[in-house]
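*Asks:* Dumping the structure here so I can ask a few things about it.
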Amino acid sequence: MSEPSVPIRSSGFRRLITAACGLAIAIAVYYILSLGRHFFVPLIISFLAVYLVDILSRLVGRVRIAGHKIPKLLTVILSFVLIFGVDSALTSIVANNAFHVAAAAPKYQARLQQLQTEVFAHFGLDEPPEMLGVFRSLDLKGLFTDLARSVADVLESTVLVFIYSLFILIELRFLPAKLTALFPNRSRRQHVLQ
């Protein structure tokens, strides 16, 4: 008796299936990342901030006071405070300016309308009806309010970055013990650390 023949799939079909699966995975990853951007963006920024804290901590650690090195914990704390202090100062300056500009937007809009009228009067021209509505329809207050809202979102993200970075810095101390528990084989652990 002959066995039923199983159709052999072509390599072109397999490539098509592989490409379709790859595209589906890429779309799924993009979708998940776009849904979680309010979580992932601050998390990634906090990893970068911890990296900067580590670099600054090493630089501060080179400083000697009365011939003694500054303890590692103190250099990390100083670096953390310095980086996030500068960040919070710059963010508060930008936020403060954005809120002031948003509050002054109606004055700017009125002044732009007045300048428009003066320019046309200076040249003895009648304002075209289209120009009459240009500055009236321009909502500077709404525009600057949206800007201020965006700055507030940045402040919120900064707080998340601060909290995430603090947790990452605390966990860095326990990383060697966790790696030893995960990879008891010394050669595999060295391979992970490289």
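The values are calculated or read from the model by the stated rules, or taken from the named source; none is laboratory data. Since the structure is predicted, the reported quantities are computational estimates derived from the model, not experimental observations. Please note: Cβ atoms are built from the backbone with ideal geometry, for glycine as well, and neighbour counts cover all protein chains shown. Protein only, heavy atoms only, side chains kept; ligands, DNA and RNA dropped before computing areas. Shrake-Rupley method; radii C 1.70, N 1.55, O 1.52, S 1.80 Å.
*Asks:* Which lysines have a Cα less than 20 Å from the Cα of LYS69, not counting those fewer than 8 places away in the same chain?
*Replies:* Qualifying lysines at Cα under 20 Å: none.
*Asks:* What spacing in nm lies between the two simple spin-label points modelled at LEU193 and ARG15, each 7 Å away from Cα in the Cβ direction?
*Replies:* 4.5 nm
*Asks:* Now for a separate question. Could you bin all the Cα-Cα distances of the chain into 5 Å bins starting at 0 and give me the percent of pairs in each, rounded to whole numbers?
*Replies:* Calculated over all Cα pairs of the chain, the distribution is 1, 6, 8, 8, 8, 9, 9, 8, 7, 7, 7, 6, 5, 4, 3, 2, 1, 1, 0, 0, 0 percent.
*Asks:* Evaluate E = 1/(1 + (r/R0)^6) for GLN113 and ARG37, where r is the Cβ-Cβ distance and R0 equals 35 Å; express this FRET efficiency to the nearest 0.05. If you can, show how the numbers build up before the last one.
*Replies:* On the way: r = 39 Å, r/R0 = 1.12.
My answer for the efficiency is 0.35.
*Asks:* So, one more: Please report the carbon-and-sulfur percent of the accessible area for the chain; probe 1.4 Å, protein heavy atoms only, DNA, RNA and ligands left out.
*Replies:* Working: 10610 of 15110 Å².
About 70 percent, which is the carbon plus sulfur part of the accessible surface.
*Asks:* Run the reach check for LYS72 against lysines, Cα to Cα strictly under 27 Å, same-chain hits fewer than 8 apart removed. What comes back?
*Replies:* Cross-link targets: LYS178.
*Asks:* Using 0.36 nm per residue, how much length does the chain from LEU160 to VAL81 gain when fully extended, once their Cα-Cα distance is taken away?
*Replies:* 26.9 nm
*Asks:* In Å², what does the accessible area per residue of the stretch 79-127 work out to with a 1.4 Å probe?
*Replies:* Each residue of the stretch 79-127 exposes 66 Å² on average to a 1.4 Å probe.
*Asks:* Label-point separation (nm) for TYR30 and ARG173, each offset 7 Å from Cα along Cα-to-Cβ?
*Replies:* Spacing of the two 7 Å Cα→Cβ label points: 4.3 nm.
*Asks:* Continuing with the same structure: What accessible area, in Å² to the nearest ten, does a 1.4 Å probe give for ASP54?
*Replies:* 50 Å²
*Asks:* Scanning the chain for helices, which whole DSSP H stretches are 27 Å or more long along the axis (Cα) and average 1.0 or more by Kyte-Doolittle?
*Replies:* The qualifying helices are 11-35, 37-61, 140-172.
*Asks:* If you don't mind, another one. What is the chain's relative contact order, in percent, from Cα pairs under 8 angstrom and six or more apart in sequence?
*Replies:* The normalised contact order for the chain reaches 25 percent.
*Asks:* Can you pull the one-decimal nm distance between simple spin-label points at ALA89 and ALA152, each 7 Å off the Cα toward Cβ?
*Replies:* Result for the modelled spin labels: 2.6 nm.
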